[in-house]
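Taking it in order: structure first as structure tokens, then the write-up.
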Amino acid sequence: MRAGTYAAPIDGGDAMMLHFESPTAAFHTLKLAVLDTARRGRPVNLAEIAEVAPRYLGITARLTQRAERRERRWHWVDDPGFDLTEHLDERTVDGTAGLDLLCGELAGAHLDQSRPLWTLTLVHGLPEGRQAVVARIHHAIMDGSAAMNAFTALTSPTEGTAPEPMERTLPPIEAREPLPRRLAAIAALTVDGWRRTREYGPDESVPRRILPRTRINPRSNRPGRVCASGSVPLDEVTELARLLGVGTMGALHGVLAQGLRDYLLAHGEAPAHPLVANFGVVEDVNDPRCEGTRLATARVWMPVEMTDPLALVRRTARSCTESVALRRHRGFELQLRAAEFARIVPVLRNRFVNVPTYTPVHLQTAYVVGPAAARWFGDVEAVGWTSFAVSVAPADLSITAYTYAGRVWLGVVVTPGAMPDPGLYLHLTKDALRLLLELARTA
């Protein structure tokens, strides 16, 4: 097939992410790998990346295709003028704080839609001579689960070995059902979803009402993002979960909630009601896909108004369990099919999201399980892996957690008006984990 001849309609969640793009909200994510080059004795340079990268562009055809509007619909179209060097650059920062500043800059800067929607930035200037690679990639190309699969596929569990070069394969262009049939199917799925929700009925464990806004999601729609990153030991989170008899994801969300409570108190706002977090659930956590957005959303209570820290974690963890169970009970097909009508939702959101003083969601979270041991790019060790997801009103605060190589790596991205000092929030969250562990060990 000649370059430029392939054109596939973009449907579902991928189209949703493209339609959500606006002048104040860039719908790409950042994936940050910290590199240790001590074994090889010399740093990575941009020329090496430019030499190696073409062997692996076939991990998904989207890396050499651009998103193009045709007849009111988005299409993936081969980019006949694809030039890898236009997607690579390098920056030098002043330590970890400088890296967070750079990530904030990259998170707020829109990708060039005349090219494939991704870039790689090689970063110099980290402590101990380390470097980082920041991948800026549109959410329409891959969600968090697909990104972790891609990272695993592009790396090796042992030093000095490299994955086989990846051939570019084009997905088939599938025929679309007639509009009346699609509408009828969505209507039937909606009715079935309501029925299943009523059957499940997990009392007040799953948020089903709207609540007042707080300091972390004021009514604003300004451009710009700030980032902060950090990590905590995974074994401390799993120990907390074991002591309290809850799941790891629930325990982590409880720690994040306690950190939010402490952050609000530090800024003179005594929490009077719980917060609601929105996160994505995948139908099959073992799905090896490296492209696409296949998330269905669930909501969880973060009861920051509770003064008993262990009770706060237990309630948060129970809500996580119930929310995921309800999401799976309702099924995934409705949300994935309804996303094809993505043109309508962003218009409504952009027009009305900052009008009400009440909101169904205060923040966004994500939790992804990654490799238990460090991965290698040949003779370069990836010693850290952090993700910065999309933050968009009314949930201007996004917290992403990836488990990798024995730690939980936290990436916070937020609009400056919602949380101008996300580094303080991460500091308070680490203190909260230590406090909760002490209380749980002696309870």
(request) Could you pull the accessible area for Cys290 with a 1.4 Å probe, rounded to 10 Å²? (result) 20
(request) Could you please state, rounded to a whole Å, how far the C-alpha centre of region 275-310 is from the C-alpha centre of region 2-70? (result) 24
(request) Would you work out which of Gly95, Gly108, Leu120 lies farthest towards the positive end of the dipole of region 65-143? Charges go on Cβ: Lys and Arg +1, Asp and Glu -1. (result) Gly108
(message) From the phi angles alone, apply the Karplus equation (6.51, -1.76, 1.60; θ = phi - 60°) to region 231-236 and give each ³J(HN,Hα) in whole Hz, x where the residue is Gly or Pro.
(response) 8, 10, x, 5, 5, 6
(message) Run lengths n ≥ 4 of DSSP H only: what is the helix-derived mean residue ellipticity at 222 nm for the chain, with -39500 (n - 2.57) per run over all residues, to the nearest 500?
(response) -11000 deg cm²/dmol
(message) From Cα pairs below 8 angstrom and at least 6 apart in sequence, can you work out the relative contact order of the chain, rounded to a whole percent?
(response) 24
(request) Just add up the charged neighbours of Ile141: K/R +1, D/E -1, any other residue whose Cβ is under 10 Å from the Cβ of Ile141. (result) -2
(message) Output wanted: per-residue J couplings in Hz (rounded whole) for region 182-188, from phi through Karplus 6.51 cos²θ - 1.76 cosθ + 1.60, θ = phi - 60°, x for Gly and Pro.
(response) 5, 4, 5, 5, 5, 4, 5
(message) Using alpha carbons only, how many angstrom separate the centre of region 380-434 from the centre of region 95-121?
(response) 16
(message) Can you tell me which of Asn286, Asn278, Asn217 moves the most in a GNM of the chain? Springs connect C-alpha atoms under 10 Å apart.
(response) Asn286
(request) Would you please give the FRET efficiency between Leu211 and Ala325, computed as 1/(1 + (r/R0)^6) with r the Cβ-Cβ distance and R0 = 25 Å, to the nearest 0.05? (result) 0.65
(message) I want the local charge near Arg91. Using Cβ-Cβ distances under 15 Å, sum +1 for each Lys or Arg and -1 for each Asp or Glu among the other residues.
(response) -3
(request) Order these peptides, 264-274, 161-171, by their mean beta-carbon neighbour count within 10 angstrom, highest first. (result) 264-274, 161-171
(request) Go through Phe82, Phe279, Phe20 and list them by solvent-accessible area, largest first, probe radius 1.4 Å. (result) Phe82, Phe20, Phe279
(message) Just to check, using Stokes-Einstein with a Kirkwood Rh over alpha carbon pairs, what's the diffusion coefficient of region 71-160 at 25 °C and 0.890 mPa s in µm²/s?
(response) 161
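Could you please state how large a percent of the accessible area of the chain is carbon and sulfur, counting protein chains only and using a 1.4 Å probe?
55
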(request) State, as an integer percentage, the relative contact order of region 98-237 based on alpha-carbon contacts under 8 Å between residues 6 or more apart. (result) 35
(message) I'd like to check one number: the per residue accessible area of region 294-443, probe 1.4 Å, reported in Å² as a whole number.
(response) 39
(request) Starting from the amide H of Gly384, placed 1.01 Å from N in the peptide plane, find each other amide H under 5 Å away whose residue is 5 or more places distant or on another chain. (result) Val34
(message) Can you compute the FRET efficiency between Leu439 and Glu71 using 1/(1 + (r/R0)^6), with r the Cβ-Cβ distance and R0 = 51 Å? Round to the nearest 0.05.
(response) 0.30
(message) Quick check on packing: order 329-335, 175-181 by the mean number of other C-beta atoms within 10 Å, highest mean leading.
(response) 329-335, 175-181
(message) Pairs of alpha-carbon atoms within less than 8 angstrom and 6+ residues apart define the contacts here; what relative contact order does region 317-443 have, in percent?
(response) 18
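Packing-wise, with mean Cβ within 10 Å as the measure, how do 50-62, 182-194, 364-376, 247-259 rank, highest first?
On the way: 50-62: 16.7, 182-194: 13.5, 364-376: 18.3, 247-259: 26.1.
Packing order, densest peptide first, comes out as 247-259, 364-376, 50-62, 182-194.
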(message) Given the C-alpha atoms of region 1-107, compute the convex hull and give its volume per residue in Å³.
(response) 150
(request) List the cysteines in the chain whose Cβ has no other cysteine Cβ under 4.7 Å from it. (result) Cys290, Cys320
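The values are calculated or read from the model by the stated rules, or taken from the named source; none is laboratory data. Keep in mind that what you see is a predicted model, and the values were worked out from it rather than measured. Cβ sites come from the backbone with ideal geometry, for glycine too, and all protein chains shown count toward neighbours. In case anyone asks, the SASA skips ligands and DNA or RNA and just uses the protein heavy atoms, side chains included. Shrake-Rupley method; radii C 1.70, N 1.55, O 1.52, S 1.80 Å.
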